[in-house]
Amino acid sequence: MLSRLNLQLAYDISHAFISFKGDNQLLLDQIIKLDPYIQYFHVVDSEGQKHDGLELGTGGVVWKSIIPFLENRPYIYEVVLKDENNAVEMVASHQYLLGLLGRSGQEQV
């Protein structure tokens, strides 16, 4: 149906991971299958049981396998903040992702 309608998708990594009950292989398989249609990602970690909005690297998502799909697309962090006036969890998530991308943090992603 996606190919026939040529839909453009926003892919929420944690929601998909939750729907697969924390199965990283199913997550990766779906990203590969939907790759031509994904326009951007919602990036947030999860334990795979409920929407927990975890900082990247603290949940069950294996980010290393997803990095090739994030490199050339826009994405937005959807990490739950402990304090809405302090984005420390999003900054830590960004630094974690930059590390996986092999970047120092001086470049823009």
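Rounded to the nearest 20 Debye, what is the dipole magnitude of the chain about its Cα centre when Lys and Arg each give +1 and Asp and Glu each give -1 at the C-beta?
Working: 8 positive and 14 negative charges, 77 e Å.
The calculated dipole for the chain is roughly 380 debye.
Are there any trypsin sites (Lys or Arg not before Pro) in the stretch 17-82 that are in a DSSP loop and have at most 10 other Cβ atoms within 10 Å? List them by number. Walk me through the numbers on the way to the answer.
Numbers: sites: Lys21, Lys33, Lys50, Lys64, Lys82; in loops: Lys21, Lys50, Lys82.
Within the stretch 17-82, the qualifying trypsin sites (Lys or Arg not before Pro) (loop, at most 10 other Cβ atoms within 10 Å) are Lys21, Lys50, Lys82.
Give the accessible area for Ile31 in Å² (nearest 10); use a 1.4 Å probe, count only protein heavy atoms, and leave out ligands, DNA and RNA.
0
Which of Asn6, Ile31, Leu81 sits farthest toward the positive end of the charge dipole of the chain, with +1 on the Cβ of Lys and Arg and -1 on the Cβ of Asp and Glu?
Asn6
Between Thr58 and Gln39, how many nm apart are label points set 7 Å from Cα along the C-beta direction?
That separation, rounded to one decimal, is 3.1 nm.
With all protein chains present, how much of the accessible area of the chain (probe radius 1.4 Å) comes from carbon and sulfur, to the nearest whole percent? Walk me through the numbers on the way to the answer.
Values: 3370 of 6620 Å².
Looking at the chain in its full context, I get 51 percent from C and S.
Determine the per residue accessible area of the chain with all protein chains present and a 1.4 angstrom probe, expressed in square angstrom.
Values: 6620 Å² over 109 residues.
Here the residues of the chain average 61 Å² of exposed surface.
For His15 and Ile32 in one chain, what is 0.36 nm times their gap in residues minus the Cα-Cα distance, to one decimal in nm?
Details: separation 17, 0.36 × 17 = 6.12 nm, distance 1.63 nm.
Here the answer is 4.5 nm.
Please report the antiparallel percentage of DSSP beta bridges with both residues in the chain, rounded to the nearest 5. Write down the numbers at each step before the final one.
Working: 2 of 9 bridges.
In the chain, DSSP labels about 20 percent of beta bridges as antiparallel.
Considering the values (1) 51, 49, 26; (2) 71, 26, 23; (3) 43, 32, 24, which represents Cα extents along the principal axes in Å as calculated for the structure under consideration?
Derived directly from the coordinates: (3).
Relative to a virtual label point 7 Å from the Cα of Val80 in the Cα→beta-carbon direction, which members of the stretch 21-63 show backbone nitrogen distances below 17 Å?
Counting only backbone N, you get 22, 43-61.
The values are calculated or read from the model by the stated rules, or taken from the named source; none is laboratory data. From a predicted model like this one, the values you see are computed outputs, not experimental measurements. Please note: Cβ atoms are built from the backbone with ideal geometry, for glycine as well, and neighbour counts cover all protein chains shown. Calculation scope for accessible area: heavy atoms of the full protein, side chains included, ligands and nucleic acids excluded. Shrake-Rupley method; radii C 1.70, N 1.55, O 1.52, S 1.80 Å.
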